[in-house]
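Have a look at the structure below before the remarks.
The values are calculated or read from the model by the stated rules, or taken from the named source; none is laboratory data. Remember, predicted model here, so these are calculated numbers, not experimental data. Methodologically, a virtual Cβ is constructed for each residue, glycine included, from the backbone with ideal geometry; neighbour enumeration extends over all protein chains shown. We work out accessible area using only protein heavy atoms, side chains counted, and drop any ligands, DNA or RNA first. Shrake-Rupley method; radii C 1.70, N 1.55, O 1.52, S 1.80 Å.
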Amino acid sequence: MDYKTLVEVYEEIEKTSKRLAKTYFISNLLKKTPVNDLQRIILLLRGKLFPEWDKSKIGVAGRLVLKSIAAASGAHNTEIENLWRELGDLGLVAEKVIQNKTQITLFQKNLTVEKVFSNLQKIATIEGMGSVDRKTKLISELLSNATPKEAKYIVRTVLEDLRVGIGSSTMRDAIVWAFLPIDINFDSEKISIDVDREEYNKMVEIIQSALDKSNDFGVVVRAATVGISELEKVTIIPGNPIKVMLAQKENNIDDAFKRVGTPAVIEFKYDGFRMQIHKFQDQIKIFTRRLEEVTKQFPEVVKYVQENIGAEEFIIDCEAVGYDSKTEKYLVFQHISQRIRRKYDIEQLAQKLPVEINVFDILFYNGENLLKRAFKDRRVILEKIVKEKKFEIILSHKLITSSKEEAMKFYDESVRKGNEGIMVKNIEGIYKPGSRVGTWIKVKSTMDTLDLVIVSAEWGEGKRSGWFTSFTLACIDDDGNLLEIGKVGTGVKEKAEEGLSFGELTELLKPLIKTEKGREVTFKPEIVLEIQFEEIQKSPTYSSGYALRFPRVKTLREDRSPEDACTLDRIKEEFEAQKKS
Ligand code: AMP
């Protein structure tokens, strides 16, 4: 398929904010895409080159793209740089520069989706000597043959910043519209659909379920072209991470019981970070909540799993919790967060900041997908296979009860031991990957926090002039658009010994710079901060329509990705809940 066809769809989608309209455009494109291009199209539509479970990155900086634009167009670096400063989007710069150039070029090859995809994927794998030149060549080869509009989207894809919001639910629905046996009449005037709702929801669930298991739109779309029976065959593949299940919140045990029913399973809510551990073909792989592989960073956990879990093949869901080996007291997340990122002196760090694995769920066991099994049955399997060993691997501490008094006592015990509160779980509940469903409810003792993404910052002044000191934060909407919700600087320290410092954040943010205008700098959205706040307020200042009163940085969440950021819906809910209380 010609790349041009995809670009036309990007343009249509960019012009609308209506989800149904986007779904319509995407589904039409999918219908006419040849089967061997489907996987590429589905990835490129969301500005990606790899499936959801594969965290490989293109990893190209703006400077290198600038060089490629210059090479492809003959324009001067300074001209491109000036335009970049003016437009703030290298995609638009490429469009403009290529436009001027095409007036004098006669010979161009039509770019195909396959060519664009293969050049971009190559870029992601190039390393070592001469890699900058080779990458520049691959990009400029595409740009030389691109129309101005094509250049705009090639550049944005290279920079992993497509600026066309297509959330995973829109993509899922588009697959239903394109391939599943259901009549959908789209009214382009009213932007509405006429459909048998019950049947439609069933179809959406079929796609969602295949997606939950594979975490790979490419696999799902290919199965969808064959039919429902093929979609039902899609299964979990140990080694490929699955999105983790998430919890909703209630303020007290009564409400939590109402939500999940009784008797309920109550567990300690540990303050560590999520680990999904896979064992398959004698290999062990560890993933964080953002599905990044961290096996190398946790050699001792690999050993605990090998020695203490008696099964050949499984996927378990756990919380890794830090403890002080001298006092034997558990530590809050901040203390161990550096273990996720550290790539050197790993053994020493493991000694200094040891973790205990608290296992609370199992998703796959010896060839069997357990997602649809009742929670109580999954727990029985865990109890059978995990040999508990304190400070290595244990099962999450639990109580099954219908009694509020017992639950309160358990809650107090959990908080006394330094945990965040409790999790209240539906005893029959299935495992729903990636969803905040009401079968897991958290009841926390600590003030609630929000995970927000840094989208821009300001350089400091005076003695802070080498650091970013004020950070603009954003939440995320259904289509993956980041919406600003306020600025924060409080809570970040000047001295590294005191906690998360300006210096550390600045170093993390520098490689992510997109544009710089005076003291204002924008970034690729990558860094997630956990933010405490006093109150949520309505505000016309920020694009989310909300602002935080007295925000304060609690910690850096290296285990979370921008997609895990707090949703606009959650902000709205919190705002309403606040009004009531
Ligand atoms: P929150 O991050 O506040 O939404 O709380 C959910 C997180 O609590 C999960 O993602 C886990 O990392 C963590 N957690 C701690 N203990 C448990 C538990 N017993 N069951 C499930 N999640 C837990």
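Per residue, how much accessible surface does the chain expose to a 1.4 Å probe? Answer in Å², no decimals.
Spelled out: the 1.4 Å probe surface of the chain, per residue, equals 45 Å².
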note = The long-range amide H neighbours of ILE362, using H built 1.01 Å from N in the peptide plane and a cut-off of under 5 Å, are ASP317
message = Tell me the carbon and sulfur percent of the accessible area for segment 397-447, rounded to whole percent, probe radius 1.4 Å.
response = 54 percent
query = What is segment 246-444 by shape, rounded, prolate or oblate, if you read a ≥ b ≥ c off the alpha carbon gyration tensor as root eigenvalues and call it rounded for a/c under 1.5, prolate for a/b larger than b/c, and oblate otherwise?
reply = oblate
task = Could you work out how far the C-alpha centroid of segment 557-581 sits from that of segment 381-440, in angstrom?
result = 23 Å
request  = Using just the helices of the chain, give the 222 nm mean residue ellipticity in deg cm²/dmol: DSSP H runs with n ≥ 4 each add -39,500 (n - 2.57), and the total is spread over all residues, rounded to 500.
outcome  = -12000 deg cm²/dmol
request  = May I ask for the distance between the Cα centers of segment 198-261 and segment 452-512, given as a whole number of Å?
outcome  = 34 Å
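Which net charge results for the neighbourhood of ARG19, defined as the other residues with beta-carbon distances under 11 angstrom from its beta-carbon, given Lys and Arg at +1 and Asp and Glu at -1?
Result for the neighbourhood of ARG19: -2.
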task = For the pairs LYS487/LYS580; LYS15/LYS213; LYS55/LYS115, note any where the Cα-Cα span goes beyond 30 Å.
result = LYS15/LYS213
key: Relative contact order %, segment 450-580, counting alpha carbon pairs below 8 Å whose residues are six or more apart   = 29 percent
ask   = For GLN281 and GLU428, what is the calculated FRET efficiency with R₀ set at 25 Å and r taken between the beta-carbons, to the nearest 0.05?
value = 0.15
ask   = For segment 1-126, which whole-number percentage of the solvent-accessible area (1.4 Å probe, protein heavy atoms only) is attributable to carbon and sulfur atoms?
value = 50 percent
remark   = Among segment 268-293, those whose backbone N falls under 17 Å of a label point 7 Å along Cα→Cβ from LYS329 are 271-272
ask   = Cross-link list LYS417/LYS444; LYS303/LYS343; LYS269/LYS538; LYS279/LYS376; LYS137/LYS514: which exceed 25 angstrom alpha carbon to alpha carbon?
value = LYS269/LYS538
note = Dimensionless Rg/Rh of segment 450-580, both radii on Cα and Rh by Kirkwood, sits at 0.96
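Which net charge results for the neighbourhood of ILE284, defined as the other residues with beta-carbon distances under 13 angstrom from its beta-carbon, given Lys and Arg at +1 and Asp and Glu at -1?
Around ILE284, the charge tally is -2.
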task = With all protein chains present, calculate the accessible area of THR515 using a 1.4 Å probe and round the result to the nearest 10 Å².
result = 30 Å²
ask   = To the nearest 10 square angstrom, what accessible area does TYR200 show with a 1.4 Å probe?
value = 10 Å²
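Would you work out the relative contact order for segment 89-187, in percent, from Cα pairs under 8 angstrom that are 6 or more residues apart?
40 percent
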ask   = How high is the relative contact order of the chain, given as a whole-number percent (alpha carbon pairs under 8 Å, six or more residues apart)?
value = 13 percent
Whole-percent carbon and sulfur share, accessible surface of segment 450-580, 1.4 Å = 47 percent
query = If you take the square roots of the eigenvalues of the alpha-carbon gyration tensor of segment 137-198 and sort them as a ≥ b ≥ c, do you get rounded (a/c under 1.5), prolate (a/b over b/c) or oblate?
reply = prolate
query = With a sphere of radius 9 Å drawn around the Cβ of ILE182, what net charge do the other residues whose Cβ falls strictly inside it have (Lys, Arg +1; Asp, Glu -1)?
reply = -2
message = Tell me the Rg and the Dmax, in Å, that the Cα atoms of the chain produce.
response = 24.8, 81
